[in-house]
Amino acid sequence: MTDILDLPGWSVLGKTTEDGTDVLDAEYTVQPTACQKCGVIGHLYRHGTKPVTYLDIPIRGRPARLRAKVQRYRCRECSETFLQPLGGIQPERRMTERCARYIESLCLRDTFMRIGEDVGCDDKTVRNLAGEYISRLEASYRPSLPAWLGIDETQIDGKMRLVLTDIDARKPVEMLADRDKGTLTTWLNHYRDRSHVRGVAIDMWRPYRDVARQMLPGVPVVIDKFHVVRTASYCMERVRIRLQKLRKAGERREWLRSKATLNMRMAKLGVKARFNLDMWLANEPELAAAHGLKEAFYDIYDLPKAEAVAAYDAFAARVPANLKADFKVLLTAMKNWRTEILAYFDNPISNAYTEALNGVAKTINRQGRGYSFEVLRARLLFGKKVRPEEQPWRLATAFKAPDLPLRLLVKEQDGRCQSCGVELGRTKETLPHVAVLVRGHERKRTLVCGGCFEGFHTMALSHRSVPSTP
């Protein structure tokens, strides 16, 4: 007979279900030989039993409890009583050791509330276990200073947090509570040998440049290309908004709709979109001049270094007098950050990974609805992707529609049934199914578990079979 508990030293006596929770009655078969108080061997006798319930890992997608019949002993030598030592149990938390490890394995990937619902405990218990787990991870974390350092910040809970990345290896290095000069300087001071650093990518924030020059002398500091060209688009948008306000209400709506087309590169526009844009700009010379300046600035990054430097220095003279005020932000940045912007042509590095990581940090914070900084930092640094063998829903064989971009769908829905919320792929009953939401619209699909798949008659939509009821 298969041991449903699968816990060494334990024997199952029976199984019941109480309020949707599987309760396993069991006893620990290993008996003590020495007194736990005085240590004398062979002077023990049984002194009744005590029922104790321990939290265990979910079974078949449902919370589980281990109701143990713990033997009490009395020592003839010291007359003290003690409970039978139990293997695989954390008595202070009233849970199995594997349950604690299970919570730790999920605490950096899922929300504390959902883990608590999955296991059947309070979210405070999950938070405490996560705190201890994070403390152990931080104690052993020794990040190295990367050769290509990315520095950026992200605003979380109204405060700017500093994010440091290895932009060559594309991995996070550190997340600091503040982005001020002192915080960054202190972090860099932890590394005595900084001679291997080859470049630093930043945005146009002066303290980053000052610290890099002080702590990493001679290392090129590169302004991220995205921040520079975004400034050019911003200046063009100021012209569009200024001219839009002079139009009537109906015309202003059309100007607003043109925003996306104006911000796209001309080379990426289709024939129809480019024709419409050319006709529109032909009737708006001021906007056409601003759009031309934006395109000219973007083109600088496509030129060889010598030509790019010449075009960069000549750009200010191309701005007409009536657009000087609108393009003042760009012209000022070009003047103040000339060395760092042109350093891109010698070291074409980008801070795109750091920017993407900032978005991940904000997503994590929204999912948890207000994590502490320590938890947020740990999730960003230590939250690893689950291996495919640990997520059966990622296997293509588990799906009936291989043409669907399944990985994107799983990522969007966080691997949960969109009907009942159960975590997909844990058991045979919770294997994922692709459900068509609207008949005839094959792209409008979602992931559901097997029970919800049949309960909502999605078989008729997905496989064109007759439903079980009218």
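Just so it is clear, none of the values below were taken in a lab; they were calculated from the coordinates. What you are looking at is a predicted structure, and each value in this text was computed from that prediction instead of being measured. Heads up, the Cβs are rebuilt from the backbone with ideal geometry, glycines too, and the neighbour counts pull from every protein chain shown.
Highest first, please rank the peptides 227-237, 342-352 by the mean number of other Cβ atoms sitting within 10 Å of their residues. Intermediate values should be presented prior to the final figure.
Values: 227-237: 19.1, 342-352: 17.1.
Per-residue mean Cβ counts within 10 Å order the peptides as 227-237, 342-352.
For ARG72 and ALA267, compute 0.36 nm times the residue count separating them, minus their Cα-Cα distance, and round to one decimal in nm.
On the way: separation 195, 0.36 × 195 = 70.20 nm, distance 8.09 nm.
Here the segment from ARG72 to ALA267 would lengthen by 62.1 nm.
Can you tell me, using C-alpha contacts under 8 Å and at least 6 residues apart, the relative contact order of segment 148-222 as a whole percent?
Values: 112 pairs, mean separation 21.5, N = 75.
Answer for segment 148-222 is 29 percent.
Cα-Cα over 19 Å: which of LYS15/LYS69; LYS225/LYS272; LYS294/LYS328; LYS159/LYS181; LYS268/LYS294?
Values: LYS15/LYS69 14 Å; LYS225/LYS272 29 Å; LYS294/LYS328 13 Å; LYS159/LYS181 15 Å; LYS268/LYS294 15 Å.
Cα-Cα > 19 Å for LYS225/LYS272; rest within.
Residue by residue, what Karplus-based ³J(HN,Hα) values in Hz, rounded to whole numbers, does segment 45-50 have, using 6.51, -1.76 and 1.60 with θ = phi - 60° and x for Gly and Pro?
9, 5, 9, x, 10, 9
Under a 5 Å amide H to amide H cut-off, with H placed in plane at 1.01 Å, what residues pair with LEU431 once short-range neighbours are removed?
Correct list: GLY425, GLY450.
If I take the Cα coordinates of segment 1-104 and project them onto the principal axes, what are the three extents in Å, biggest first?
In descending order, the Cα extents are 48, 28, 25 Å.
Modelling each spin label as a point 7 Å along the Cα-to-Cβ direction, I'd like the ARG142/LEU83 distance in nm, to one decimal.
Each label point lies 7 Å from its Cα, and together they span 4.0 nm.
Note down the net charge around LYS294, summing +1 for each Lys or Arg and -1 for each Asp or Glu among other residues with Cβ under 12 Å from its Cβ. List each step's numbers first, then the result.
Working: positive: ARG230, ARG238, ARG240, ARG265, ARG318; negative: GLU237, GLU295, ASP299, ASP326.
Charge balance in the 12 Å sphere: +1.
Mind listing the long-range amide H neighbours of GLN90? Cut-off is under 5 Å, sequence gap 5 or more, other chains count too, H placed in the peptide plane at 1.01 Å from N.
Amide H neighbours of GLN90, under 5 Å, 5+ apart: MET95, THR96, GLU97.
Roughly how many nanometres apart are two label points built 7 Å out from the Cα toward the Cβ at GLU117 and ALA34?
Taking the two extended label points, one gets 4.8 nm.
Output wanted: per-residue J couplings in Hz (rounded whole) for segment 164-171, from phi through Karplus 6.51 cos²θ - 1.76 cosθ + 1.60, θ = phi - 60°, x for Gly and Pro.
After applying 6.51 cos²θ - 1.76 cosθ + 1.60, I find 10, 9, 9, 6, 7, 7, 6, 8 Hz.
How high is the relative contact order of segment 10-137, in percent, counting Cα pairs under 8 Å that sit 6 or more residues apart?
Numbers: 218 pairs, mean separation 25.8, N = 128.
Contact order relative to length: 20 percent.
With θ set to phi - 60° and the Karplus curve 6.51 cos²θ - 1.76 cosθ + 1.60, what are the ³J(HN,Hα) couplings of segment 321-335 in order, to the nearest whole Hz, using x for Gly and Pro?
Result, ordered by residue: 4, 6, 10, 4, 5, 5, 9, 4, 4, 5, 5, 5, 5, 4, 6 Hz.
For a label point 7 angstrom out from the Cα of ARG213 toward its Cβ, which stretches of segment 339-369 have the backbone nitrogen within less than 15 Å?
Correct set: 339-343.
Taking the Cβ-Cβ separation of GLN155 and ALA314 as r and a Förster radius of 41 Å, what is the calculated FRET efficiency to the nearest 0.05? All intermediate terms of the calculation are to be shown ahead of the outcome.
Working: r = 36 Å, r/R0 = 0.89.
So, using R0 = 41 Å, E works out to roughly 0.65.
Calculate the spin-label point distance for ASP6 paired with ARG94, positioning each point 7 Å from the Cα along the beta-carbon direction, and give it in nanometres.
Using points 7 Å along Cα→Cβ, the separation is 2.6 nm.
Would you mind giving the average projected area, over all directions, of the Cα convex hull of segment 225-291 in nm² with one decimal? Before the final figure, lay out each step's value.
Details: hull surface 18.6 nm².
For segment 225-291, averaging the hull's shadow over all directions gives 4.7 nm².
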